[in-house]
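Working notes, structure below.
Since every read-out is calculated from the coordinates, none of them should be taken as a lab result. Keep in mind it's a predicted model, so treat the numbers as computed, not measured. As a convention, Cβ positions derive from the backbone with ideal geometry for all residues, glycine included, and neighbour counts pool all protein chains shown.
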Amino acid sequence: MSVKLRLMRVGKKKQPTYRIVAADSRSPRDGRFIEIVGTYAPRSEPSEINVQSDKALAWLSKGAQPTETVRKILEISGVWSEFQATRPAKEPSSRPRAGAAKKA
């Protein structure tokens with residue numbers, strides 16, 4: 001099962017607010033979800049963003065992929081930088097690349 005962090009639209013017609021949810025990637029946009037991670041209200045000035053960082057970090061560490069919009073929201077709220085700090089740095093590969101020519 002592939003889990004995504006994405007937006008779920010709620011609110012009246014022409015007055016959207018969104019929930020940031022962890023959901024199976026195959027489920028519909030406003031359909032089944034696993035857990036609510038936060039909210040996003042774009043109509044208020046400035047936009048209101050409420051993210052429960054512990055839940056978001058837990059899902060990201062489990063391998064959930066955020067959509068482009070949710071990733072921007074996580075960057076604004078500071079959760080994305082926390083996640084990047086906790087991830088282990090990728091070590092450079094010691095193997096030569098497949099396309100690299102061997103020296104004689």
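Once phi is turned into ³J(HN,Hα) by the Karplus curve 6.51 cos²θ - 1.76 cosθ + 1.60 with θ = phi - 60°, what whole-Hz value does each residue of segment 2-9 show in order, with x for glycine and proline?
For segment 2-9, the Karplus-derived couplings read 9, 9, 10, 9, 8, 8, 10, 7 Hz, x marking Gly and Pro.
Can you check what the net charge comes to around Arg9, using other residues whose Cβ is under 10 Å from the Cβ of Arg9 (Lys, Arg +1; Asp, Glu -1)?
Numbers: positive: Arg19, Arg29; negative: Asp30.
Taking every other residue near Arg9 into account, the sum is +1.
Working out 0.36 nm times the residue gap between Ser61 and Ser2, then minus their Cα-Cα distance, what length gain in nm do you get to one decimal? Let's see the in-between values first.
On the way: separation 59, 0.36 × 59 = 21.24 nm, distance 1.35 nm.
Answer, rounded to one decimal: 19.9 nm.
Could you work out the local net charge near Tyr18, counting Lys and Arg as +1, Asp and Glu as -1, over the other residues with Cβ closer than 12 Å to its Cβ?
Numbers: positive: Arg6, Arg9, Arg19, Arg29, Arg43; negative: Asp30, Glu48.
After counting each charged neighbour, the total is +3.
What order, most packed first, do the peptides 69-75, 6-12 have when packing is the mean number of other Cβ atoms within 10 Å of each residue?
69-75, 6-12
Could you please report the charge total around Ser61, scoring K, R as +1 and D, E as -1 over all other residues with beta-carbon less than 12 angstrom from its beta-carbon? Intermediate results must be reported in sequence, preceding the final value.
Values: positive: Lys55, Lys62, Arg87; negative: Asp54, Glu82.
Charge balance in the 12 Å sphere: +1.
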